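S.K.: Just dropping this structure here.
A short reminder: the numbers here are calculations on the coordinates, not readings from a lab. This structure is a prediction, so every number in the text was calculated from the model and none was measured. With ideal geometry, Cβ positions are generated from the backbone for all residues, glycine too; neighbour counts draw on all protein chains shown.
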Amino acid sequence: MKNLFFTIIGAIIFNLNSFAQDAHFGIKGGYNLAAVQYDDDYETGQRHGFHIGFYGESFLNENIALQVEFLYSQQGFELEGNNATFTQKLDYLNLPLMLKLYPDKHFFLEAGPQVGLAISHKEEYKGLFFDGFRETEPDNFDWGLNFGAGFKTDSGVSFGARYHLGMGDIYDDGNPKNRVWQFSVGFDF
């Protein structure tokens, strides 16, 4: 599964670069505010984390670009109560493919699909009388949609905010789905 994931990344980047008018590559990173929604009616508390990775942005014309990204992302959730904290740490390798619209030279709107591969999962409990953790197995594959907006300077520095609406179930019980706010800074090479 991991080999297929990396092969798809390479193929998308190669194909985008072959028909683009203008292409930029860079690094990006930032802050995550992640939660999980159960059964479409209950959302957990938020876990603070980060994301970091690479991107390739290819302009199809002056106002439209496609951007593929390869990101490490800390996700999951946190619950607090009765002098205890339960944290579910889900770490992913994510592959977003974003359609970016530039209504003006610097401001952009973006939307697109994302697939993710869970690479780590840990549950931590910190209580009044004991602490502990265990490793559990979520569904390795996650998918969903991203929506966002941002600002890009002439020098290639970008600032963005994005919301990930997970569509795939993390576990079999309760239909839990990822919900992640991402706030990023990117730098073109």
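S.K.: Residues of segment 63-99 with amide nitrogen under 13 Å from the 7 Å Cα-to-Cβ point of residue 31?
M.R.: none
S.K.: Give me the extension gain from residue 139 to residue 155: residue separation times 0.36 nm, minus the current Cα-Cα distance, reported in nm with one decimal. It would help to have the intermediate numbers written out before the result.
M.R.: Details: separation 16, 0.36 × 16 = 5.76 nm, distance 4.03 nm.
Stretched fully, the residue 139-residue 155 segment lengthens by 1.7 nm.
S.K.: Here is a follow-up. What full-extension length gain, to one decimal in nm, is calculated for residue 131 and residue 187 as 0.36 nm per residue of separation minus the Cα-Cα distance?
M.R.: 16.1 nm
S.K.: Another question about this same structure. If you project the alpha carbons of segment 2-188 onto their three principal axes, what span does each projection cover, largest first, in Å?
M.R.: 60, 32, 27
S.K.: Which net charge results when you count Lys and Arg as +1 and Asp and Glu as -1 among the other residues whose beta-carbon is under 15 Å from that of residue 162?
M.R.: +1
S.K.: I've got another one for you. How far, in degrees from 0 to 90, does helix 2-19 lean away from the longest principal axis of the Cα atoms of the chain, to the nearest 10?
M.R.: The two axes meet at around 20 degrees.
S.K.: Just subtract the alpha-carbon distance of residue 62 and residue 119 from 0.36 nm times their residue separation and send over the number in nm, one decimal.
M.R.: 16.8 nm
S.K.: Of 89/177; 100/152; 28/122; 126/177; 122/177, which pairs sit farther than 19 Å apart, going by alpha carbon to alpha carbon?
M.R.: Beyond 19 Å: 28/122; 126/177.
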